[in-house]
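Novice: My questions all concern the structure below.
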Amino acid sequence: MGIRKEVFIVAAMLSIMACTACGNSGGNVSETNGAETSTGVESGIIEQPQVMYDGHIYYYNATGRDEKLPEGYEIAGTIKKVDSKDYPAENFAAAGVDLEAGQEIYISTTEKNVIYLKYDSGYARFERSPEDAAAEEQDETEVAEKENEIEGNSEMADNMDDAMAENYGEYGFGEDGEFDFDSIFGIDQLDLNYEAHVAGFDGESFLYSVHIDGGVTDEKVDEIQQVMADYSSQNGDEENYMGYIDIYKGEDQIMIYLDLGGVSEENSNMAVTGILNALNSVSGIKSVIINEEM
């Protein structure tokens with residue numbers, strides 16, 4: 001009889017423990033009304049105080065709320081709203097415990113990663129996350145490098161303009177303020193049977209597009225190749241070298257490639273215009289555009 005009584009008591013205790021365990025399933029993440037986390041805050045509530053300012057979230061890291069406000073900080077505004085369950089998504093919005101609308105926010109013009117909030121006991125330090133601060137610093141570095149690159153390119157272009165102006169004078173500029181390469185290379189002074197124009201400038205390389213009345217034919221290609229061969233043979237010695245020349249047939253024009261590598265500075269313009277003068281003996285040329293695609 002005593003054994004049965006003990007068995008009954010043990011069974012009853014096990015039943016009570018099982019029911020208790022069922023009631024506590026889910027622990028601190030329970031959604032049951034009134035459930036609390038280990039810190040005593042209702043489950044689902046954002047605990048860490050945080051506020052958004054200037055598009056960034058600043059967090060309170062329990063550094064104290066009785067600090068003095070550092071020099072250089074000034075009020076930027078006040079908290080507009082506090083949401084205990086949603087993270088701040090707009091400036092002056094806040095979330096977390098012990099925050100309330102109307103609290104003053106202080107910022108510095110030099111320390112962008114730290115702001116201060118005012119409490120009755122003093123001021124509390126709020127900081128951006130290290131990841132957020134590092135990402136912005138990286139972005140700013142890339143922007144600065146890009147700006148420096150643009151500035152460097154602009155300075156280089158200005159230096160080139162100054163050098164061209166120094167070498168060729170004011171007559172090298174057109175009415176729009178851009179370089180007039182026809183004038184710089186003296187092409188507008190040539191007595192040619194066709195129209196000639198320099199569309200752009202690319203260092204030592206020049207590509208002549210020879211447009212022919214009636215289209216390109218193999219006979220006309222052969223004729224221009226012979227003219228260029230005769231021209232090159234007349235300027236073959238080192239003192240009068242006028243550059244490397246190559247001729248090939250394009251879709252709608254005959255192409256002449258000139259490389260001024262090795263040509264003396266005093267012969268450069270003469271080399272560019274020399275090809276045009278040589279082509280003056282070829283009939284049927286409508287126009288020659290140098291660096292047409294530029």
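Novice: Take the cross-link list 80/112; 112/146; 85/118; 81/112; 80/146 and give me the ones stretching past 31 Å between alpha-carbons.
Specialist: Exceeds cut-off: 80/146.
Novice: For the stretch 133-147, just list the computed ³J(HN,Hα) in residue order, Karplus coefficients 6.51, -1.76 and 1.60, θ = phi - 60°, integers in Hz, with x standing in for Gly and Pro.
Specialist: So the J values, rounded to whole Hz, are 5, 5, 5, 5, 4, 5, 4, 5, 5, 5, 5, 4, 5, 5, 5.
Novice: Just read off the accessible area of residue 213 with the full protein assembly in place, 1.4 Å probe, to the nearest 10 Å².
Specialist: Here the accessible area works out near 90 Å².
Novice: Leaving out ligands, DNA and RNA but keeping every protein chain, what accessible area does residue 211 have, in Å² rounded to the nearest 10, with a 1.4 Å probe?
Specialist: Surface accessible to solvent at residue 211 totals approximately 40 Å².
Novice: Using a 1.4 angstrom probe on the protein heavy atoms only, line up 287, 233 by accessible area, largest first.
Specialist: 233, 287
Novice: If you don't mind, there's one more thing I want to ask. For the stretch 87-150, report the convex hull volume of the alpha-carbon atoms normalised per residue, in Å³, without decimals.
Specialist: Roughly 118 Å³ of hull volume per residue.
Novice: Can you divide the C-alpha Rg of the stretch 208-292 by 2.2 N^0.38 Å and report the result to two decimal places?
Specialist: 1.06
Novice: Students sometimes get this wrong: rank 110, 273, 141 by accessible area, probe 1.4 Å, all chains present, largest first.
Specialist: My answer, sorted largest first, is 110, 141, 273.
Novice: Related question: The stretch 186-228: which GluC sites (Glu not before Pro) are DSSP loop and have at most 15 other beta-carbon atoms within 10 angstrom?
Specialist: Here the GluC sites (Glu not before Pro) that fit, given the DSSP loop and packing criteria, are 204.
Novice: Mind computing the radius of gyration and Dmax over the alpha-carbon atoms of the stretch 176-244? Å is fine for both.
Specialist: Every Cα atom of the stretch 176-244 included, Rg and Dmax give 14.7, 42 Å.
Novice: Also: Quick one: order 145, 265 from most to least accessible surface, probe 1.4 Å.
Specialist: If we order 145, 265 from most to least accessible, we get 265, 145.
The values are calculated or read from the model by the stated rules, or taken from the named source; none is laboratory data. The shown structure was predicted, so the numbers you read here are calculated from the model rather than taken from an experiment. Positions of Cβ are generated from backbone atoms using ideal geometry, with glycine treated the same way; all protein chains shown enter the neighbour counts. To get the accessible areas, we keep the full protein, side chains included, count just its heavy atoms, and leave off ligands, DNA and RNA. Shrake-Rupley method; radii C 1.70, N 1.55, O 1.52, S 1.80 Å.
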